[in-house]
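Since the structure comes first, as structure tokens, the remarks are kept for the end.
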Amino acid sequence: MKRNIIYKSVFAAGCLCLLGSSLQSCNDYLTVYPTDQITEEQFWQDKTDLDNVRAAAYRKLTESGTTAKILMWGEFRSDNLVLNKMEETSLMHLQNAVLMPTESMFDWSNFYTGINYCNMVIERGERMIQEQTDPSFSDGDWRPIKSEMQALRALYYFYLVRAFRDVPYVSKSVTTDKEAMEARIAATPGVAIIGDLIDSLEVAKNYAATNFGSDNNNKGRFTKRSVRTLLADLYLWRGCMLRNFQAKEGTIVNLTDVNDTINNVIVTADGTTVDKAYTDQLARHCFKEAMDNSKWVLDDMIAEYKKDLEENPFSNALDREKTYPLTRFSQMANFGGTSDVVYSDIFGYKNSFESILEIQFDGSINVNSTLSNYLSYLDNGTLKPNRMVVNSQMSNINSVEAQKGFGKTDVRLLETMLYTPGNTSLFPCIKNVARSIMIEDIKDMGQGYSGVTYRSSSSQDANWPIYRLSDLMLIRAEAIARYYSAETANNADIYEGFDLVNSLFARYNPALNTTDGDELYSARLCGVENGKVDHSANNYYGQNKNAGQLLQLLYRERQREFIGEGKFWFDLVRQAEATNNPTETLQTYMSMTSAVKNRLKQLYSLYNPIYSEELKVNGAGNGSGGQLVQNPVWDRYTKN
């Protein structure tokens, strides 16, 4: 164990040397070894060594500097959350669209360290197999690990592309100062990075593990399900980035594309011109692949769900007839309120059936401090807001089918924002801080709770969800909407898109009904009742609706579903990529001041600036030999 711990401290320094200001601080670690320390070549001797570095690659996700940035980059720029502490000037600037490259929130070193771990495992594992270093370690043992690391590396890069768009793409590990110096490379277009990640996952999905033997590992490590879910998401993003591509930039879309200087065009490796016809066709292909991969995962989960029901002598008809394997919200009231079993299952107990991938925290070795540091914390049994609170606009208790936010019967209101009768201003985020919730009246969320049980202030063991069933369903619905674009006329796939979105809405609004004229009547539930989809139902909601209407509906559902999970700003960026119209996107889905709107008119304004410390080491034109160029929108805030 000692040799593993010692060596991890060595290569951790090497990883941090990849890019950024840490470059100047790691010489001693990499050139002077204590007498009881082993060299890199001595370390990689058996599968145990490989597993230790594989675990370190995941562990990097659990660090507060990683999850906090997922939250800040993917959520704080949207209007889901608003600033609670006005002295937090860096977050105030972020929400006001004044992005300062000097802010440490834009430091991406944690993500590149995780990437470097993945690259190390991939390279050394291949060598161990080729050289037969460990005779007990076979190719059959290696392939699932390689697939796992390819997927984890893709996830790290996916966060970087969604946050910065064009970033350095390093697919080789870095362990020495010399390698770190040579790794100071220019940014690669994000659409090309995603394309290469997709190519690697198309192979990885065939060899990924199916079952690691425990819920913690099956939900906390990449399996066939999570690899394909990530693949579907990557395809969705790549398709959106390819839409209106020439109007946005016209650079490479694949790593192997080259510039034909004679004809002044970009061409693929086989000589195909990268023009509008090419990118439009490729975008449509991506949306189809997103549909197919999400369907594979959904079908696999449905099959497991049905098998479990067959083996359960206590299963009932409602569970057996459900179209999607969503945990059903029981309408049976307990004494003193109704227990929110859906919330408890997904967030309270963690690693539920609906979970596909979530970052694992045990509250001891791995502590989730991001929630308490940025959202809410427990103080003597009382939930207190920290830096950010849920926007009051998300509470719409006078509406049954709220266009934005939570309506009167949507239980997610109480799962997301601490709501007490009469409170109209301050709403601490309760999601993942509470373990269980009792609802006073499922017909009216305005009545508040009849009871809440919190995680203790010392445990901080809430997992961080990356993908769950609701995400998968909405990814598939969006892929359908984008594949069919403006088509209408009762398309069967578009029907399914509405079914996916409305089944999720129905699960969280158990008090709504399809009785026309009733005060709790919902048109969206026509055709989706008790979890069962029926296209022949009277006034079926999806009838005569088009893909554009589906897209807007699912975006509103994504906003409700994933508050506090670091997703909605990325959703807005994806939509702006597809339309090449940031102004229209933000106007449709966000409320903001004119000053903020004016700062976010260009596509690159939706992405982060490169951290100024990074440019000191790898910036073009500063004499360092670097090649990175600042995001053109935020360059005006760069301090000389």
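Looking at this structure, is ASP499 acidic (Asp, Glu) and open to solvent by less than 10 Å² (accessible area, probe 1.4 Å)? Considered against the rule, which asks whether it is acidic (Asp, Glu) and open to solvent by less than 10 Å² (accessible area, probe 1.4 Å), ASP499 comes out as yes. Within the set GLY239, GLY220, the sole residue that is under 20 Å from ASP166 (Cα atoms), open to solvent by less than 20 Å² (accessible area, probe 1.4 Å), at pLDDT 95 or above and not aromatic (Phe, Trp, Tyr) turns out to be GLY239.
Can you tell me which residues in the range 87-102 are in contact with a strand residue (DSSP E or B) (Cβ under 8 Å, 6 or more places away or on another chain) and either closer than 21 Å to GLN630 by Cβ or surrounded by 15 or more Cβ atoms within 10 Å (Cβ to Cβ) (or both)? Before you say what the answer is, go through the steps one by one.
Taking the range 87-102 as the starting set, the residues that turn out to be in contact with a strand residue (DSSP E or B) (Cβ under 8 Å, 6 or more places away or on another chain) are 91-92, 95.
If the condition is that a residue be in contact with a strand residue (DSSP E or B) (Cβ under 8 Å, 6 or more places away or on another chain) and either closer than 21 Å to GLN630 by Cβ or surrounded by 15 or more Cβ atoms within 10 Å (Cβ to Cβ) (or both), then LEU91, GLN95 are the ones that fit.
Does ILE494 count as closer than 30 Å to ALA68 by Cα and β-branched (Val, Ile, Thr)? Taking the combined requirement at face value, the residue does not satisfy it.
Quick check, is PHE353 within 30 Å of GLU496 (Cα to Cα) and aromatic (Phe, Trp, Tyr)? Spell out how you get there, then give the answer.
On the way: within 30 Å of GLU496 (Cα to Cα): yes; aromatic (Phe, Trp, Tyr): yes.
For PHE353, the condition - within 30 Å of GLU496 (Cα to Cα) and aromatic (Phe, Trp, Tyr) - is met.
Residues that are open to solvent by less than 10 Å² (accessible area, probe 1.4 Å) and under 16 Å from MET105 (Cβ atoms): does the range 615-628 have at least one? Looking through the range 615-628, none of the residues is open to solvent by less than 10 Å² (accessible area, probe 1.4 Å) and under 16 Å from MET105 (Cβ atoms).
Among the residues of the range 159-195, the ones that are among the aliphatic types (A, V, I, L, M), out of contact with any strand residue (DSSP E or B) (no Cβ under 8 Å at 6 or more places or on another chain), within 28 Å of GLN575 (Cα to Cα) and open to solvent by 10 Å² or more (accessible area, probe 1.4 Å) come to 1 in all. Tell me, yes or no, whether the range 365-386 has at least one residue that is of a type in the set (Lys, Arg) and touching a helix residue (DSSP H, G or I) at 6+ places or on another chain (Cβ under 9 Å). Looking for residues that are of a type in the set (Lys, Arg) and touching a helix residue (DSSP H, G or I) at 6+ places or on another chain (Cβ under 9 Å), one finds none in the range 365-386, hence no. If you filter the range 111-132 down to residues that are open to solvent by less than 20 Å² (accessible area, probe 1.4 Å) and over 28 Å from SER64 (Cβ atoms), you find that the one that is nearest to the chain's Cα centre (by Cα) is GLY125.
Checked against (1) within 18 Å of SER376 (Cα to Cα); (2) surrounded by fewer than 24 Cβ atoms within 10 Å (Cβ to Cβ), ILE437 meets all criteria but (2). Scanning the range 272-289 for residues that are open to solvent by less than 50 Å² (accessible area, probe 1.4 Å) and either modelled with pLDDT under 95 or hydrophobic (A, V, I, L, M, F, W, C) (or both) yields VAL274, LEU282, ALA283, CYS286, PHE287. Going by what's in this entry, would ASP141 be described as among the charged types (D, E, K, R), under 19 Å from ASP46 (Cβ atoms) and either open to solvent by less than 10 Å² (accessible area, probe 1.4 Å) or not in a helix (DSSP H, G or I) (or both)? Answer is no for this residue. Across the range 506-539, the number of residues qualifying as in contact with a Leu (Cβ under 8 Å, 6 or more places away or on another chain) and hydrophobic (A, V, I, L, M, F, W, C) comes to 5.
Tallying residues that are in a loop (DSSP other than H, G, I, E, B) and of a type outside the set (S, T, N, Q) within the range 87-113 yields 10. Taking each residue of the range 594-608 that is of a type in the set (D, E, K, R) and looking for partners that are assigned to a loop (DSSP other than H, G, I, E, B) with beta-carbon atoms closer than 6 Å, six or more apart or interchain, yields ARG599/ALA97. The set of residues from the range 304-319 being open to solvent by 60 Å² or more (accessible area, probe 1.4 Å) and in a helix (DSSP H, G or I) comprises GLU304, LYS306, LYS307, ASP308, GLU310, LEU318.
For the range 321-346, which positions are at pLDDT below 90 and open to solvent by 80 Å² or more (accessible area, probe 1.4 Å)? Of everything in the range 321-346, those that are at pLDDT below 90 and open to solvent by 80 Å² or more (accessible area, probe 1.4 Å) turn out to be ARG328, GLN331, MET332, ASN334, PHE335. Reported count of residues in the range 122-137, each being within 19 Å of GLN150 (Cβ to Cβ) and of a type in the set (Gly, Ala, Ser), is 1. When restricted to residues that are in contact (Cβ under 8 Å) with a residue 60 or more places away in the chain, touching a strand residue (DSSP E or B) at 6+ places or on another chain (Cβ under 9 Å) and part of a loop (DSSP other than H, G, I, E, B), the range 402-427 contains 3.
Can PRO135 be described as surrounded by fewer than 21 Cβ atoms within 10 Å (Cβ to Cβ), more than 17 Å from VAL161 (Cα to Cα) and touching a residue at least 12 places away in the same chain (Cβ under 8 Å)? Criteria not met by PRO135.
The values are calculated or read from the model by the stated rules, or taken from the named source; none is laboratory data. Because the structure is a prediction, the values reported are computed rather than measured. Cβ: placed from backbone, ideal geometry, glycine included. Neighbour counts: every protein chain shown. Remember, those area values only see protein heavy atoms, side chains included, never the ligands or the DNA or RNA. Shrake-Rupley method; radii C 1.70, N 1.55, O 1.52, S 1.80 Å.
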